[in-house]
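Q: This structure is in structure tokens; I'll ask about it shortly.
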Amino acid sequence: MIKVINGAGRHRQPLKISAMHRLRKRVFHDLLRWDVNVVEDWEIDHYDDANPVYVLSYSDSGALRGALRLLPTLGPNMLDDTFPILLDGQPAIRQHGIWESSRFCIDPDISQDRASNQVTITAAELMCGVGELGLASGLDRIVTVTDVFLERMFRRMGCPGERIGAPHKIGSVHAVAIAWEVNPQLLERMKAVAGIEGSVLAEPLSVEQARAA
């Protein structure tokens, strides 16, 4: 199940927010050894101050399984402001109908929890949650900065996307910027690949409703 909360309301959901930041530290700092900002047992950066929408995947028992962050490209975002090299000289993406997904992570302890076609169930649920939010919001595209390993995973999930530019070595990672169109066909394909039926969202809403909640 996918639950959605916003950064501005973090004080109303302290346990969920803390679990998400601790998961991000486990994945990006402890496991992947990325150069990220760590405060005690949290991974957190200045984009978390821009009232992002957090998309969180929970097990039936209520345990956090995975998370990602959504931000409008009209405001601060990682692709335009931190990794513009991945645009390959193209103009910055600043459009109302385009949002950025970042900090995509899955609990390492359940990362092998896969459907019969080797798609990670939590990853598919997160992406379907973004698809449902995007359709409800009238978004055109989702962009993200990822590495080539996750790019292959997205292909297996039925959402290959389109490279915005060529990959670049950033730190220890071969990073690439990808864009996906938001449309019902892509959402249905992802659900079919992962064997997901019905809505993954705990309640229907748009990204703007989520930010204002």
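Q: Can you pull out the GluC sites (Glu not before Pro) in the range 1-100 that DSSP calls coil and that have at most 12 other Cβ atoms within 10 Å?
A: Answer by residue number: GLU40.
Q: Spin-label point model (7 Å from Cα, Cβ direction): what's the ARG152 to ARG22 distance in nm?
A: 3.2 nm
Q: Going 7 Å from the Cα of ALA166 toward and past its Cβ, which residues in the range 72-108 have a backbone nitrogen under 18 Å from where you end up?
A: From the range 72-108, the list is 84-91.
Q: With θ taken as phi - 60° and the coefficients 6.51, -1.76 and 1.60, list the Karplus ³J(HN,Hα) couplings across the range 172-179 in order, rounded to whole Hz; mark glycine and proline as x.
A: Each residue of the range 172-179 in turn: 9, 10, 8, 8, 8, 9, 10, 10 Hz.
Q: Calculated from DSSP H runs of 4 or more alone, at -39500 (n - 2.57) each and per residue, what is the 222 nm mean residue ellipticity of the chain, nearest 500? Walk me through the intermediate numbers first.
A: Values: 6 runs with 58 residues, N = 213.
One gets -8000 deg cm²/dmol as the mean residue ellipticity at 222 nm.
Q: Also: Go through 76-85, 181-190 and give me the packing order, highest mean Cβ count within 10 Å leading.
A: Per-residue mean Cβ counts within 10 Å order the peptides as 76-85, 181-190.
Q: Given a Förster distance of 30 Å, report the FRET efficiency between GLU188 and VAL39 from their Cβ-Cβ distance, rounded to the nearest 0.05. If you can, show how the numbers build up before the last one.
A: On the way: r = 40 Å, r/R0 = 1.34.
Efficiency, from the Cβ-Cβ distance: 0.15.
Q: Mind checking which of ASN77, ALA50, LEU32 is farthest towards the positive end of the range 17-145's charge dipole, using Cβ charges of +1 (Lys, Arg) and -1 (Asp, Glu) about the Cα centre?
A: Final value for the positive-end residue is LEU32.
Q: Can you run phi through the Karplus equation (6.51, -1.76, 1.60; θ = phi - 60°) for the range 15-20 and list ³J(HN,Hα) in whole Hz, with x for Gly and Pro?
A: Coupling constants for the range 15-20: 5, 5, 5, 4, 4, 5 Hz.
Q: Separate question: Which residue, ARG12, ARG26, ARG163, tops the fluctuation ranking in a GNM of the chain built on C-alpha contacts under 10 Å?
A: For the chain, modelled as a Gaussian network with Cα springs under 10 Å, the answer is ARG12.
Q: Ranking MET20, MET153 by Cβ neighbours within 10 Å, fewest first, what do you get?
A: Details: MET20 27, MET153 19.
So the residues, fewest neighbours to most, are MET153, MET20.
Q: Choose one answer from VAL39, VAL148, VAL130: the residue with the largest mean-square fluctuation in a GNM of the chain with alpha-carbon springs under 10 Å.
A: In this elastic network of the chain, the residue with the biggest mean-square fluctuation among VAL39, VAL148, VAL130 is VAL39.
Q: Mind checking which lysines have their C-alpha under 19 Å from LYS3, skipping anything on the same chain fewer than 8 residues away?
A: Within reach: LYS16, LYS191.
Q: Another question, if that's okay. Dipole of the chain, Cα-centred, from +1 at each Lys and Arg C-beta and -1 at each Asp and Glu C-beta, to the nearest 20 debye?
A: Numbers: 23 positive and 27 negative charges, 43 e Å.
Value, rounded to 20: 200 debye.
Q: Give the order of SER199, SER137 when sorted by the count of other beta carbons within 10 angstrom, beginning with the fewest.
A: Neighbour counts put them in this order, fewest first: SER199, SER137.
Q: Next up: Using alpha carbons only, how many angstrom separate the centre of the range 82-110 from the centre of the range 119-193?
A: 10 Å
Bear in mind that the values in this text are calculations on the coordinates, not laboratory data. All of these numbers come straight from a predicted model, not from anything done at the bench. Note that we place each Cβ from the backbone using ideal geometry, even for glycine, and neighbour counts take in every protein chain shown.
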